[in-house]
Amino acid sequence: MRHFVGFLAGLILGPVLLLVTGWAFAHLRGLNAVQSDALQGTGPVAVAGLVGVGLLVALVAVPPRLTPMLPFAAALVVGGATATALLRMHLLERLPVLPGVEGALTLLPLGVFVPLALVLAAPVFVGARWVRDNEDGPTREEYFDGLYEDGGDDDRPRSTATRAEPVPEHHQPRHRLEDA
């Protein structure tokens, strides 16, 4: 189930990465057109958007316990958009006008998102990301310990962890309130 949910989240993450990067590119290109640097006007916000994209990619691609389907679905979206931009650009030009679409349509045919797609597709090939280790439950040895024991009289000590201790009929509390 976690792989399915991760795949759906990745299908949402891919367009978000494209739009935020395209939006930041459009703002930085506008600053360059008026001979300003990245620390003036909307430059810091655009740089913060790019830092956010980088941080989001790192958080999706690096953690070993995260399903590999999330970054893989985002890689499919980004790679598919790049391939569509190279082969059938007229299909992408029909997209609704959203903030960042213009910048993304400029960057897509240049192949800027190909390294991003490769980084996001890499976790699929890491075998440890497909299996979740359950540290909360018993280990395999603990689970099977004593499962096939016969009830014979042998000299091995038996574990008392699975047996209940007898409870005395009259229970005395461990701590008594003392009169002050």
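The values are calculated or read from the model by the stated rules, or taken from the named source; none is laboratory data. Since the model is a prediction, treat every value here as computed from it, not as a measurement. With ideal geometry, Cβ positions are generated from the backbone for all residues, glycine too; neighbour counts draw on all protein chains shown. Surface accessibility is based on the protein's heavy atoms, side chains included, excluding ligands, DNA and RNA. Shrake-Rupley method; radii C 1.70, N 1.55, O 1.52, S 1.80 Å.
Looking at the structure I just gave you, is residue 21 in contact (Cβ under 8 Å) with a residue 24 or more places away in the chain, of a type in the set (Val, Ile, Thr), under 25 Å from residue 118 (Cα atoms) and not in a helix (DSSP H, G or I)? No; evaluated as a whole, the condition is false for this residue.
Inspect the range 74-89 for any residue being more than 27 Å from residue 123 (Cβ to Cβ) and touching a helix residue (DSSP H, G or I) at 6+ places or on another chain (Cβ under 8 Å) and give the result as yes or no. Checked against the condition, which is being more than 27 Å from residue 123 (Cβ to Cβ) and touching a helix residue (DSSP H, G or I) at 6+ places or on another chain (Cβ under 8 Å), the range 74-89 yields at least one hit.
Residues that are open to solvent by 40 Å² or more (accessible area, probe 1.4 Å), under 21 Å from residue 25 (Cα atoms) and not in a helix (DSSP H, G or I) within the range 61-120 comprise 93, 94, 95, 96, 97, 98, 99, 112, listed in sequence order. Filtering the range 12-40 to residues that are open to solvent by 70 Å² or more (accessible area, probe 1.4 Å) and over 25 Å from the mean Cα position of the chain (by Cα) leaves 29, 32, 33, 34, 35, 37, 39, 40.
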